[in-house]
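I have placed the structure first, in the form of C-alpha cells, so that the comments after it can refer back to it.
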Amino acid sequence: MNTVKSVRELRAAIAQARAEGKQIAFVPTMGNLHAGHSALVSKATQRADFVIASIFVNPLQFGPSEDLGKYPRTLLADQEKLVDAGCHLLFTPDVGEMYPHGIDDQTRVSVPGVSEGLCGASRPGHFEGVATVVSKLFNMVQPDLAIFGQKDFQQLAVIRTLVRDLNMPIQIIGEPTVRAEDGLALSSRNGYLSSEQLNVAPLLYRSLEEMAAAIRAGERDYAKLVSAAQAQHSAAGFRPDYLEVRESNSLRPATADDRQLVILLAAFIGSTRLIDNLAFELDIPT
Ligand code: PAF
C-alpha cells in the first residue's frame, strides 16, 4: 500500500489505476481505525479492483468545544490495519493540503432537510463540515463507489443526498455497524471510555433493541417509549442528548403508519458523546 499526502500524488496514482482499467472504491475516514473501518475496506475490495482510503481529521466538522485536539492520531497502526484489509492507496493530507486557502474562506456544501435535527441540532455546523470535506475528497478521488458505516446513519443520509443533488456519479454503499460482543457499536470515541463506562455503554444498544421489539409488538406511542428509555439511561449515568424514532429514508419523525423505521440516539457518558441507531422494517399487514 502506498501512502500519499498531496493531491498531486493522489491524482497521479489514480491516473495510473484508471489507465490500467481499474474500478475505484473509496473509504474516507478520520483514522484511529477499528474493525468497523476494516469491514468497510474489505467490502471495498469485493466491489472494486483499486481501493483508496483517506485519513483526515477534518477541523471543519468539529464544534469549538469538541474533541478535535484530542482526537486520536494513530497513523502507523492504521496503516497496518489498512494493509491487512486489502487497501491499495492511502491519502493522508494535512489541513494545509485540504484547505490551502484557509478554512474561513472555504466554499461550503450544506445539505438541507436530512442535516437538520438529531446530530445536526446538537452539533451546529457539523454536517456542513462533513458535506464539504466529503465533496472535496470525492472531487479529488473521483471514485466509482464510496463506502460508509451505517453507525453514522444521519451522515450517510447527508452524503447520499449531496451525491444525488450535486449529480456526482458515485455509488454510495452503507455497511452495517460492527459491534462488540456486548452490542456496543465500535467507535473511535470508545477509546475515551473508562472500564466502568465501557460496562454501562452497551445499555444504549440494548434499549434500542427493546424499543424496536415494543414497536414490532404494536406499540406506536413513540414518545412514551423514548421517555422510558431516557429515564433508564439517566438512571445508569448517561446524559441523554436525543432519542428519536424516524422514518428511515427521509429521516422525518415517524408516524404510526410508517413501516421503515430507524431509532437514533446520542447520549453522553462523562464527557464522551456516543451515538447509535437501529433501523428495521415492520411487516406490511395482510
Ligand atoms: O465518518 C467519518 O469518519 C467522517 O465524518 C468522514 C466521513 C471521514 C468525513 O470527515
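The values are calculated or read from the model by the stated rules, or taken from the named source; none is laboratory data. None of the values given here were measured: they were computed from a predicted structure. No Cβ is skipped: glycine too gets one built from the backbone with ideal geometry, and neighbour counts run over all protein chains shown. Side chains are part of the model used for accessible areas, which takes the heavy atoms of the whole protein and leaves out ligands, DNA and RNA. Shrake-Rupley method; radii C 1.70, N 1.55, O 1.52, S 1.80 Å.
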>> All but one of (1) of a type in the set (A, V, I, L, M, F, W, C); (2) under 23 Å from A15 (Cα atoms); (3) touching a residue at least 40 places away in the same chain (Cβ under 8 Å) hold for L60; state the number of the condition that does not hold.
In response: (2)
> Does E181 satisfy the condition of being open to solvent by 20 Å² or more (accessible area, probe 1.4 Å) and under 17 Å from D276 (Cβ atoms)?
Replying inline: yes
>> For a quick check of your reading of the model, give me the residue pairs whose first member lies in segment 10-32 and is over 17 Å from D49 (Cα atoms), whose second is acidic (D, E), with beta-carbon atoms closer than 9 Å and at least 6 apart or on different chains.
In response: T29/D78; G31/D78; N32/D78
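Assess whether P72 counts as being more than 20 Å from N190 (Cβ to Cβ) and either open to solvent by less than 20 Å² (accessible area, probe 1.4 Å) or modelled with pLDDT of 95 or more (or both). Reasoning before the result, please.
Numbers: more than 20 Å from N190 (Cβ to Cβ): no; either open to solvent by less than 20 Å² (accessible area, probe 1.4 Å) or modelled with pLDDT of 95 or more (or both): yes.
No, not satisfied.
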> So is F62 open to solvent by 20 Å² or more (accessible area, probe 1.4 Å) and touching a His at 6+ places or on another chain (Cβ under 7 Å) or not?
Replying inline: no
> Considering only segment 141-160, how many residues are open to solvent by 20 Å² or more (accessible area, probe 1.4 Å) and farther than 15 Å from V262 by Cβ?
Replying inline: 2
> So F91 fits all but one of (1) exposed (fewer than 15 other Cβ atoms within 10 Å of the Cβ); (2) in contact (Cβ under 8 Å) with a residue 12 or more places away in the chain; what number is the exception?
Replying inline: (1)
> Which condition number does Q230 fail, the rest of (1) touching a strand residue (DSSP E or B) at 6+ places or on another chain (Cβ under 6 Å); (2) within 16 Å of the ligand (Cβ to nearest atom); (3) open to solvent by 40 Å² or more (accessible area, probe 1.4 Å) being met?
Replying inline: (2)
> From the list D276, D257, D283, which residue is of a type outside the set (G, A, S), at pLDDT 95 or above and open to solvent by 20 Å² or more (accessible area, probe 1.4 Å)?
Replying inline: D257
> In segment 160-177, which residue that is more than 14 Å from the ligand (Cβ to nearest atom) and within 17 Å of K43 (Cβ to Cβ) is farthest from the chain's Cα centre (by Cα)?
Replying inline: Q171
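Let's see how each residue does on (1) in a loop (DSSP other than H, G, I, E, B); (2) touching a residue at least 60 places away in the same chain (Cβ under 8 Å):
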site: Y242; (1), (2): no, yes
site: S250; (1), (2): yes, yes
site: F268; (1), (2): no, no
site: I275; (1), (2): no, yes
> Looking at A180, A212, A157, which is the one that is closer than 29 Å to S54 by Cβ and either within 16 Å of the ligand (Cβ to nearest atom) or in contact (Cβ under 8 Å) with a residue 40 or more places away in the chain (or both)?
Replying inline: A157
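What strands (runs of 3 or more DSSP E) completely inside segment 1-87 contain at least 1 residues that are within 16 Å of the ligand (Cβ to nearest atom)?
Output list reads 24-29, 50-55.
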> Considering segment 132-153 alone, what residues qualify as being assigned to a helix (DSSP H, G or I), within 11 Å of the ligand (Cβ to nearest atom) and not aliphatic (A, V, I, L, M)?
Replying inline: T132, S135, K136, F138
